[in-house]
Structures are given as structure tokens and as C-alpha cells.
Amino acid sequence: MKLLVTGGAGFIGSNFIRYILSKYNDIKIINLDKLTYAGNLENLKDIEDNPNYTFIKGDICDKELVEEVFSEDIDYVVNFAAESHVDRSIVEPEIFAKTNILGTVTLLNAARNAWTLGDGFKEGKKFLQVSTDEVYGSLGKEGYFTEKTPLDPHSPYSSSKAAADLIVKAYFDTYKMPVNITRCSNNYGPYQFPEKLIPLMINNCLNKKPLPVYGDGMNIRDWLYVEDHCKAIDLVLHNGKIGEVYNIGGHNERTNIHIVKTIISYIHDNVDSSVDESLIRFVEDRKGHDRRYGIDPTKIKEELGWYPETKFEDGIIKTIKWYLENREWMENVTSGEYQKYYERMYSNR
Ligand code: NAD
Ligand code: DAU
């Protein structure tokens, strides 16, 4: 069994590769990753010599390279590769359209060419598109996103992910290509790049830097520990019904300000008592900021028996401890370019 993972050097992809290699010894993984600012081979240091693992540096938009990868007789594709940060998409939308849309089509096309047999497809093939709950847009105080909620993305990032989802769907509707789409809520855990809320706040607390909270801090995200997401993807890959979309989330809605205060409190009590809420700064809101996300996971629970194992209260402590124990990782990813990014995003906010 050969599994092509794209974007496997990023946050969720690296956690997924580690999860699959530890669970199965009959799956060979090829990780195709461009190693953008978000891709980091340090995330995979512990498994880089595993005989079931191969790394290829490359772009999912590179048609020739992608076709060459498919000459390897790939069985499954899990497409994580993407530009993933909303704030960056507001400043530089083009790269989001390129990687997230064109990259997905390039992969789909190569998979289709390699997998076609007569009028249909070879047995045992699947293309899994890792999408996001952000394609559904924003919720009011009530209700949840189900798989039937209309797509209503607002940022260049979420629009590019929605466009990719529709193309994946088109490959199923038009060619009957074996595909699934998963739409997960906000992940947190080890190896997340500190441009995202939780690692950014941990890093700033440790460096006693101001904590930039957008708007009134009352936006709500539905948090899922990354390993629970990896388990869900594994289940959909092996047992998901062809052509179906599965939402993934564990009913862990929290306001942003609650998350920030939880991190401050842990660091205050366990690391540095001078870190406190005086570091919080309410700054200019994100443009087009979605107010609330909340997933209804009924379908994946009932059809595939998935459930989230990590409670938010445990997962957030595990996560903060991981960053404390991996200060060198954090220092490496926040040196150089990250400083310029931070300056650009936050200095005039
Ligand atoms: P990430 O930014 O940490 O990692 C993205 C990876 O993709 C990096 O390793 C990067 O080098 C690689 N990449 C980028 N452009 C590429 C290209 N053109 N060719 C090959 N590789 C490329 O992202 P993440 O948070 O791990 O998210 C992974 C996927 O999961 C994304 O598709 C994202 O939309 C989706 N998702 C993320 C979350 C979340 O909370 N982080 C939630 C739901 C869905
Ligand atoms: O819902 C899934 C999505 O979650 C994924 O598809 C995206 O790839 C992922 O980045 C994430 O998007 P968000 O925009 O929700 O995540 P982010 O960590 O950027 O922000 C979370 C919330 O925190 C959001 O309401 C904005 C706010 N925020 C973020 C940052 C970086 C702040 O208040 N201050 C900050 O400095």
C-alpha cells in the first residue's frame, strides 16, 4: 500500500505521518512538500529514517514532477498541501489561489490519469482532500455546520479551499473518481507554526511580548486536538463512502480571549509568575473576521464510529507543555523570516 501525503512537513501533515507510521507497518508513505515557510523537516526528524517513509521536495503545482510521483503506483492521496493562514491570504491572495486551487487540480489530474482503467478506476484507490470548516463561512449564536450547510467562504484562504472542494466534487460527479473531502475545525497541538493563535500566544508569553487579540476577543473557534483529526482522516481514508464529505469536530467551542487567558494562567502558575493579563492588547480586527465556527460531527460519528479522545482542558495543557519542552524548535522557526512577518502583520495594528 502506497500513500502519497502532500504538505506532510507542515503542522497536521507531520502529525498525520507520525500517526500512520506508528499504526501500520504495511503502508509506505511518500511525502511531497515544497517546504515553504510553514514546512519544516525538523517536524519529522524522529521518523526520517523509517524504511516506510520517503521525502520528495517539490511543488504540487509542478505537473511533471507530480506525474513522475504517480509513476510509483500510488494507492491513496491525502492532500494537506496548502497555504493555510487567513491573515497571509488577506495580504497576498494569489499564492492561495495557485497552491490551493491549481495545486489540487494538478494532483487530481495526475491521479486520474494514473488510476484510470477502461471506463472506470483501478480498485482500492482514493483521493482525500483535507478541507476546512471555514468553507461554510460564519455562524451566529445558534446552530452548527453540517455537511449540507451551503458553502459561504469569506477570506481568500477559505474561498480557495472552497474552490478546491468544488473541483474535487466535480471529479467525482464527472468521472466518478474515488474521492472524499474532510472539513475539520481548528486544530491545535505540537508542531503548529507560531503564526496561528495558540503557538503565537505561547511564544509571546514566554518572551513577555504583548498578546495581540483581534477585535473584542469574542470570536469563537471549535478546537480539536491534532491527533483526533489524524484519526478521523485515517478512518475516512479506509472506510469513508466514496464521494462523501465528512465534517470533523469535537464540540469544543471557546472564545479567543478564553484561550489567551488559559495560556497566560498556565504560564503564570508554572513558568513565570510575572506573565499576566496585563500583556493582553486588543488590536484592530481581522478584515472579514468570521465570528463563530461550530461543527456538527454526527455523520462521521454515526457512519465511521469516530469520536474525539482528547478533551480541550487536557489537550491545551499537553500542547503548552510540548512547546515548553521544545523551546529550540520554537526558537528555530521564529528566527529570521518570522521576525519580518511579525513586524509586517502586527507593528501598525
Ligand atoms: P501548514 O501551513 O502548517 O502546512 C502546510 C504544508 O504544505 C507545509 O509543509 C508547506 O510547505 C506545504 N506546502 C505549501 N504549499 C505547497 C505546494 N505548493 N506544494 C507542496 N507543498 C506545499 O498547514 P496545516 O495547518 O498543517 O494544514 C494542513 C491542511 O489542513 C491545509 O490544507 C489546511 O487547509 C487544512 N486544515 C487546517 C486546519 C488547522 O486548524 N490548521 C483545520 C482544518 C483544515
Ligand atoms: O477552522 C479551521 C481553520 O483554522 C483552518 O482552516 C486554518 O488553516 C487555520 O489557520 C485556522 O484558521 P483561523 O483563522 O481560525 O486560525 P488562527 O489561529 O489564525 O486564528 C484563530 C482566532 O484567533 C481567529 O478568530 C483570529 C484570532 N487571532 C489570531 C491571531 C493569529 C487573534 O486574535 N490574534 C492573533 O494574533
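The values are calculated or read from the model by the stated rules, or taken from the named source; none is laboratory data. What you are looking at is a predicted structure, and each value in this text was computed from that prediction instead of being measured. Cβ placement follows ideal geometry from the backbone for every residue including glycine, while neighbour counts extend to all protein chains displayed.
Some points to look at:
- Segment 267-306, residues that are in contact (Cβ under 8 Å) with a residue 24 or more places away in the chain, outside any strand (DSSP E or B) and within 30 Å of residue 241 (Cβ to Cβ): 290, 293, 294, 296, 297, 298, 299, 300, 303, 304, 305, 306
- Extreme residue, farthest from ligand 1 (Cβ to nearest atom), among residues of segment 51-89 that are charged (D, E, K, R) and more than 23 Å from residue 15 (Cβ to Cβ): 73
- Any chance residue 139 is within 21 Å of residue 288 (Cα to Cα) and either in a loop (DSSP other than H, G, I, E, B) or of a type in the set (A, V, I, L, M) (or both): yes
- Residue, nearest to the chain's Cα centre (by Cα), within segment 168-197, restricted to residues that are more than 14 Å from ligand 2 (Cβ to nearest atom) and in a strand (DSSP E or B): 180
- Entry remark, segment 197-215: residues being closer than 23 Å to residue 295 by Cβ and either in contact with a helix residue (DSSP H, G or I) (Cβ under 8 Å, 6 or more places away or on another chain) or modelled with pLDDT under 95 (or both) number 5 in total.
Matching residues to (1) closer than 30 Å to residue 147 by Cβ; (2) of a type in the set (Val, Ile, Thr):
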residue	(1), (2)
291	yes, no
296	yes, no
308	yes, no
312	yes, no
316	yes, yes
322	no, no
329	no, no
340	no, no
345	no, no
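- For segment 282-316, a residue qualifies if it is more than 15 Å from ligand 1 (Cβ to nearest atom), aliphatic (A, V, I, L, M) and closer than 24 Å to residue 233 by Cβ, and exactly one does: 304.
- Reported count of residues in segment 330-339, each being within 16 Å of ligand 2 (Cβ to nearest atom) and in a helix (DSSP H, G or I), is 4.
- Only one of the numbered conditions (1) at pLDDT below 95; (2) charged (D, E, K, R); (3) buried (at least 22 other Cβ atoms within 10 Å of the Cβ) is violated by residue 83, and that is (1).
- The single residue among 250, 243 that is closer than 23 Å to residue 153 by Cα, modelled with pLDDT under 95 and of a type outside the set (Phe, Trp, Tyr) turns out to be 250.
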